[in-house]
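What follows is one structure encoded as structure tokens, with my remarks underneath.
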Amino acid sequence: MIFDSIFEFTDNLFISLTVNAALPLVFIIPFALFAVWWERKVSAHMQDRLGPMRVGKHGWLQTVADILKLIQKEDIVPKVADRTLFNIAPVLTFMGSYAVFAAIPFAGAYIGSDIDLGLLYIVAVSGLVVVGILMAGWASNNKYSLLGAMRSTAQIISYEIPTVVVILTMVIVGGSFNLRELSETQSANMFNWFIFGGSYPIMTKIALIPLMIIAFIIIYISSLAEVNRTPFDIPEAESELVGGYHTEYSGMKFAMFFLSEYANMFAVSVLVASLFLGGYHSPFGYLGDLVGSPLLKGFEQFFWFTFKGLLLVTVQMWLRWTLPRLRVDQLMALCWKYLIPISILNFVIVALLMVL
Amino acid sequence: MSEFLTLPPQKIKTEEMVLNMGPQHPSTHGVLRLELVLEGEVIVDVKPHVGYLHRCFEKHCEALTYQQIVPYVDRMDYLAAMGNEMGWAIACERLMGIEVPQRVEYIRVIMAELQRIASHLVAVGTYGLDIGAFTPFLYCFRDREKILNLFEITCGARLLYNYMWPGGLSHDIPPEFSRLTKEFLSEFKPVVKELNNLLSYNKIFIERTANVGVLPVEAAINYGMTGPNLRASGLKWDLRRDDPYSVYDKFDFDIPVGQGWHGKVGDCWDRYYVRLLEIEQSIRIIEQAIDQIPEGDVASAIPKRYKPPVGHIYARIENPRGELGYFIVSNGSQQPARVKVRPPSFISLGVMGELCKGHLVADVVAVLGSIDIVLGEVDR
């Protein structure tokens with residue numbers, strides 16, 4: 001555990017706790033910068049364009065330049081806005097999406113907080129984002145923002161249900177609420193991943209695979225909705241609500257929302273990856289095991305973790321630039337009429353299968 | 001239980017919210033302001049406010065000669081400037097009693113149809129954008145660009161051409177024009193199919209647009225709808241066939257009408273899809289016209305001085321957005337005494353309130369995009 005080594009090194013609980021908590025930030029911020037650039041490149045190449053090309057080779061420094069620009073911008077608060085709430089909202093939103101990383105294992109050796117109910121914690125904390133969004137919409141005192149915030153709240157709360165049901169299904173299959181333990185049970189090779197039925201006997205595996213694929217699709221769809229990405233981006237629906245809840249935000253506060261969106265995208269992607277795709281585990285063996293170096297193994301695990309997360313984030317981008325946007329009632333219908341019943345049915349079948 | 005469920009009367013007061021959509025809004029297609037009265041997210045009423053782009057076109061015309069008006073005409077429906085010019089040229093020629101050479105007529109038809117494709121591509125692309133699909137928009141603009149290149153080699157301009165003058169054309173087409181146009185058409189035909197697969201038949205897109213903003217054919221006629229909006233409601237009315245002008249009677253083409261492919265006849269999907277089908281028909285017309293262009297001079301009929309006889313004329317053509325009509329009153333001088341335009345976009349906009357009632361905010365965008373207005377023409 002990295003925390004123990006930091007504690008040994010500093011011999012100060014407060015400092016080691018702070019360092020341990022800040023570690024994901026060191027990863028998330030560069031990741032968000034990269035993901036924004038990556039999204040612009042992915043979309044550009046899908047659309048017969050080049051995307052950013054000027055700042056750095058193939059524009060790879062573009063987002064750094066953008067952030068520098070946003071920092072320099074005047075911090076505008078609308079006259080009619082509720083100043084306090086308006087200022088708190090972006091911080092709260094980012095806090096919600098950042099706190100999720102506390103219970104996500106980045107590698108076998110690093111997890112922010114190795115708590116037993118990690119999955120429930122993730123579900124609970126990601127709900128904080130809703131408060132931030134609702135606050136932003138309300139405090140802006142703008143009708144578009146308010147509509148966006150209302151939509152967002154309804155959407156995130158609804159889509160949490162299928163997410164939680166699928167998570168419970170996976171808890172039954174994996175037998176733990178702790179993501180690190182869940183990841184550990186999917187070790188050795190890729191056929192132990194839960195999407196391939198976990199490390200169960202062959203007959204159980206065959207029965208599990210279709211159920212797992214259904215669960216995977218459901219949680220992927222609902223995680224898209226939870227992070228407000230197309231086809232579920234109705235809270236910010238540019239062509240209807242201008243910018244939704246962040247219409248009135250500019251400068252660094254806008255950047256906070258942006259950062260939180262990309263952090264969220266990564267969080268749900270690695271959550272899905274940890275539940276179904278073996279988390280930080282390599283699909284085949286480790287070079288570190290062959291050489292006998294736990295440090296190399298740790299870095300390999302971190303590589304696979306990032307790789308899987310980025311892969312799923314790229315799929316999110318791919319969907320975003322391909323699909324149109326659903327309408328608010330269709331979005332709700334999809335959740336309540338299809339995703340929730342199917343996920344509950346799936347849950348019951350999996351539970352029965354596990355008991356037998 | 002029931003005392004928990006029924007709220008005491010007059011404790012909670014609900015009221016309608018008035019939402020201003022535009023004039024600075026990404027999907028009002030210009031500077032249009034829509035005053036939406038909302039009950040939650042359900043539309044109670046829509047009032048379009050126009051006039052932000054008013055340039056006194058009709059009044060200006062009274063101080064300009066017939067030739068000088070051509071560039072002004074371009075700026076009305078700036079996505080279909082060739083069509084505007086063609087209508088103006090035809091109106092002036094009928095007023096003055098000029099016969100233009102056949103070559104001019106053929107070139108005009110080719111240009112107008114290319115412009116129709118370009119204009120419909122913008123309509124289809126931006127409609128995808130309104131619904132939330134970004135990528136088809138850029139594909140459409142990629143191909144529109146090729147059409148604009150064709151216009152550029154012909155007359156040097158890409159958007160506002162000043163190409164069709166009363167009595168002829170400003171330039172003849174360059175020698176490679178026919179070859180390049182044919183090349184473009186053969187490249188472009190598969191793109192329509194690609195667009196259909198990417199956007200038209202997308203399940204989400206159909207869900208968003210089918211059965212939304214249904215305009216029955218009687219209502220469409222009563223509101224004076226023309227062009228693709230009227231045809232999507234199921235009426236086969238196209239001035240190119242029903243009141244042939246120029247040389248349109250020499251070509252073989254179909255008039256696609258809405259059939260309620262995925263919902264009721266005259267819904268947003270029909271209005272969208274009719275435009276795509278019209279693109280295919282325009283390709284057919286261009287292919288026929290380009291093989292039949294006669295030789296000749298394009299400037300022989302352009303008069304040195306315009307002094308039409310006293311009188312008035314109403315000439316109309318089928319523009320991409322519907323029936324574009326010019327009413328010109330001449331008092332025998334070099335300037336028209338009065339010009340009145342029948343703008344298809346302005347008249348189509350009148351139907352917004354009817355179509356949006358009872359739908360959601362998101363549908364306003366879908367309906368507005370489907371009637372395809374250009375604000376330059378709405379306000380003139």
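The values are calculated or read from the model by the stated rules, or taken from the named source; none is laboratory data. Keep in mind that this is a model prediction, so the values were computed, not measured. Neighbour counts are summed over all protein chains in view; Cβ atoms, including those assigned to glycine, are modelled from backbone coordinates with ideal geometry.
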Pick out the one residue from A:S260, A:S239, A:S158 that is farther than 24 Å from A:H281 by Cβ, modelled with pLDDT under 75 and either assigned to a helix (DSSP H, G or I) or of a type in the set (S, T, Y) (or both).
A:S239
Looking at the structure I just gave you, is A:A89 outside any helix (DSSP H, G or I) and within 24 Å of A:G132 (Cα to Cα)?
no
If I filter region A:62-82 for residues that are without any contact (Cβ under 8 Å) to a residue 40 or more places away in the chain, among the acidic types (D, E), assigned to a helix (DSSP H, G or I) and under 22 Å from A:A255 (Cα atoms), do I get at least one hit?
yes
Anything in region A:281-312 that is surrounded by fewer than 18 Cβ atoms within 10 Å (Cβ to Cβ), small (G, A, S) and in contact (Cβ under 8 Å) with a residue 24 or more places away in the chain? List them, or say none.
A:G285
In this structure, is B:D363 within 14 Å of chain A (Cβ to nearest Cβ) and either under 19 Å from B:A220 (Cβ atoms) or part of a loop (DSSP other than H, G, I, E, B) (or both)?
yes
Only one of B:A81, B:A63, B:A112 that is surrounded by fewer than 18 Cβ atoms within 10 Å (Cβ to Cβ) and either of a type in the set (A, V, I, L, M) or at pLDDT 90 or above (or both):
B:A63
So for region B:274-285 (the condition being touching a helix residue (DSSP H, G or I) at 6+ places or on another chain (Cβ under 7 Å), without any contact (Cβ under 8 Å) to a residue 60 or more places away in the chain, β-branched (V, I, T) and more than 14 Å from chain A (Cβ to nearest Cβ)), does at least one residue qualify?
yes
What are the pairs, 6+ residues apart or on separate chains, where a residue within region A:88-100 that is more than 14 Å from A:F27 (Cα to Cα) has its Cβ under 7 Å from a residue that is crowded, with 22+ Cβ neighbours inside 10 Å and among the charged types (D, E, K, R)?
A:P90/A:K253
Report yes if A:F284 is more than 20 Å from the chain's Cα centre (by Cα), in a loop (DSSP other than H, G, I, E, B), more than 14 Å from chain B (Cβ to nearest Cβ) and not charged (D, E, K, R), otherwise no.
yes
Within region B:326-356, take every residue that is more than 24 Å from the chain's Cα centre (by Cα) and assigned to a loop (DSSP other than H, G, I, E, B) and give me the one that is farthest from the other protein chains (Cβ to nearest Cβ).
B:G332
Out of all the residues in region A:27-41, which are surrounded by fewer than 18 Cβ atoms within 10 Å (Cβ to Cβ) and of a type in the set (A, V, I, L, M)?
A:I29
Considering only region A:132-180, state which residues are within 14 Å of chain B (Cβ to nearest Cβ) and β-branched (V, I, T).
A:T153
Pull up region A:34-67, narrow it to residues that are of a type in the set (V, I, T) and away from every other protein chain (no Cβ under 14 Å), then point me to the one that is farthest from the chain's Cα centre (by Cα).
A:V55
Top-ranked residue of region A:67-114 - restricted to ones that are among the polar types (S, T, N, Q) and surrounded by 22 or more Cβ atoms within 10 Å (Cβ to Cβ), ranked as nearest to A:S176 (Cα to Cα):
A:S97
Just give me the residues in region A:307-356 being of a type outside the set (D, E, K, R), part of a loop (DSSP other than H, G, I, E, B) and within 14 Å of chain B (Cβ to nearest Cβ), in sequence order.
A:W321, A:T322, A:L323, A:P324, A:L326
Number of positions in region A:48-62 that are of a type in the set (S, T, N, Q) and either within 16 Å of A:L310 (Cβ to Cβ) or modelled with pLDDT under 85 (or both):
0
Out of the residues in region B:212-223 that are assigned to a loop (DSSP other than H, G, I, E, B) and surrounded by 15 or more Cβ atoms within 10 Å (Cβ to Cβ), which is nearest to the other protein chains (Cβ to nearest Cβ)?
B:V212
Six or more apart or on different chains, Cβ atoms under 7 Å: show the pairs whose first residue is in region A:325-342 and more than 20 Å from A:V227 (Cβ to Cβ) and whose second is in a helix (DSSP H, G or I).
A:I342/A:I214; A:I342/A:I218
With crowded, with 18+ Cβ neighbours inside 10 Å, more than 21 Å from B:R116 (Cα to Cα) and not β-branched (V, I, T) as the only criterion, which of B:L360, B:L324, B:L349, B:L375 stands out?
B:L360
How many residues are over 16 Å from the mean Cα position of the chain (by Cα) and within 9 Å of A:S222 (Cβ to Cβ) if we restrict to region A:159-172?
1
Of the conditions (1) more than 10 Å from chain A (Cβ to nearest Cβ); (2) of a type in the set (V, I, T); (3) under 18 Å from the mean Cα position of the chain (by Cα), B:I107 fails just one. Which one is it?
(3)
Is one or more of the residues making up region B:224-231 among the hydrophobic types (A, V, I, L, M, F, W, C) and either in a loop (DSSP other than H, G, I, E, B) or farther than 25 Å from B:G376 by Cα (or both)?
yes
So which residues in region B:29-60 are among the small types (G, A, S) and either surrounded by fewer than 17 Cβ atoms within 10 Å (Cβ to Cβ) or modelled with pLDDT of 85 or more (or both), if there are any at all?
B:G40, B:G51
In region A:161-195, which residues are in contact with a Ser or Thr (Cβ under 8 Å, 6 or more places away or on another chain), part of a loop (DSSP other than H, G, I, E, B) and surrounded by 20 or more Cβ atoms within 10 Å (Cβ to Cβ)?
A:Q186
Of the residues in region A:141-160, those that are surrounded by fewer than 19 Cβ atoms within 10 Å (Cβ to Cβ) and more than 23 Å from A:L345 (Cβ to Cβ) come to A:N141, A:K143, A:T153, A:A154
